[in-house]
Amino acid sequence: MENEAILQCPACRMGLSGGDDGFFCSGCKREFKRRAGLLDFLLSGEDQWEQIGRGFMNGQEEMEKRLLETPLVELSTADRLIKAVALWYRGDFEEYRRLIEDALTGIYTDEYNEAMKKSLNYMVNLVKEEQGVILDLASGMGGLLQELLSSTKGGFISVDVSPTSSFGLLQYLRYRNWGDRVQQLIADAACLPLKDNSVDVVTTAAGFQNMQDAEPVFKEIRRVSKKLITLCIFFERDDPNLAYVRDKSLHVASLFREGLEKAGWSVSMEIVLKARAEPTPQSEILGIRPDRLPVSPTIRHFVTVVAV
Ligand SMILES: C[S@@+](CC[C@H](N)C(=O)[O-])C[C@H]1O[C@@H](n2cnc3c(N)ncnc32)[C@H](O)[C@@H]1O
């Protein structure tokens, strides 16, 4: 990995030594394994790798079979989206790409999809101006990362806390011939295996809204990075949906700004697009909704936040 010099132990912050199999911390003696090209820096102590075999459906084979075998026309809109995601996790990327666009159209309002598309474009144009080490945080299925890879020539670091989605992303990046441009780290945003000021820009699209607590993450990103460019999907301050979130600082623009400032960032909110959002429809096969929020119809604010 080209970026090895910027790594440090996420637990005790000492230097790491290592090679092909992974890294060893001379301070706390922890070992961090490299498997299938992924560097595992999770500190939970469990072997997270075991999760990977269970995949996205996590052993619900009967339901997965129903999703995959039922003809598309007989599936509800939510099940079409879940089927597309299940195909992605199974590595059937051709079929995933055939289904995903229509599935998203069926799930979100047109204005929501439009705001997402415009905000991502705006963000990509900002990141294109940047140089140096760029780290995409909470990459998930790589929505932003793939836009960045298609519109630039450089390399990226990608961090996600989930071994399962990191492994899915690894396969997807290889399928798109981008494998050698991305170094993936499995790590918690609140505990990054990176030296102080070692990153030039952290990007993340809707990553913060999937985290639990703002403060430790805002501080940690401030420690490692000189700049932050993020797309956030916020609620208005008095939105009843906020009753279902743990830390409002990740979900309300003014509180998000305050939280970042408290962690030492200077913040500007670049564009704000408003879009009507409905609860995502329920899956008939799994009984769940693709998105937990909103639970009631509302207006979401798509905000591109730049902080230095
Ligand atoms: C909806 S995805 C974000 C979308 C993604 N950024 C994109 O561009 O498509 C949310 C991701 O956040 C990750 N995540 C949640 N908490 C995290 C944390 N503390 N550290 C790192 N990643 C985290 C989840 O594992 C999940 O993959």
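Figures for the structure shown
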| quantity | calculated |
| --- | --- |
| Top-ranked residue of the range 114-131 - restricted to ones that are touching a residue at least 24 places away in the same chain (Cβ under 8 Å) and farther than 14 Å from I229 by Cα, ranked as farthest from the ligand (Cβ to nearest atom) | E114 |
| Only one of S249, S283, S268, S254 that is small (G, A, S), touching a Leu at 6+ places or on another chain (Cβ under 6 Å) and either in the same structural domain as D200 (by TED's automatic domain parsing) or closer than 27 Å to L72 by Cβ (or both) | S249 |
| Residue that is nearest to the ligand (Cβ to nearest atom) [pool: residues in the range 178-229 that are among the hydroxyl-bearing types (S, T, Y) and surrounded by 24 or more Cβ atoms within 10 Å (Cβ to Cβ)] | T204 |
| Selection within the range 147-164 - within 16 Å of G179 (Cβ to Cβ) and touching a residue at least 40 places away in the same chain (Cβ under 8 Å) | L148, G155, I157 |
| Index of the failed condition, R90 passing every other in (1) more than 16 Å from the ligand (Cβ to nearest atom); (2) surrounded by fewer than 21 Cβ atoms within 10 Å (Cβ to Cβ); (3) farther than 26 Å from T280 by Cα | (3) |
| Residue that is over 24 Å from V272 (Cα atoms) and within 11 Å of the ligand (Cβ to nearest atom), where the choices are S150, S162, S139 | S162 |
| Residue list for the range 3-21, filter: at pLDDT 90 or above and either touching a Leu at 6+ places or on another chain (Cβ under 9 Å) or in the same structural domain as S225 (by TED's automatic domain parsing) (or both) | I6, L7, Q8, C9, P10, A11, G15, L16 |
| Tally, over the range 165-175, of residues that are more than 11 Å from the ligand (Cβ to nearest atom) and out of contact with any helix residue (DSSP H, G or I) (no Cβ under 7 Å at 6 or more places or on another chain) | 3 |
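The values are calculated or read from the model by the stated rules, or taken from the named source; none is laboratory data. Because the structure is a prediction, the values reported are computed rather than measured. Reconstructed Cβ throughout: ideal geometry from the backbone, glycine too, with neighbour counts over all protein chains shown.
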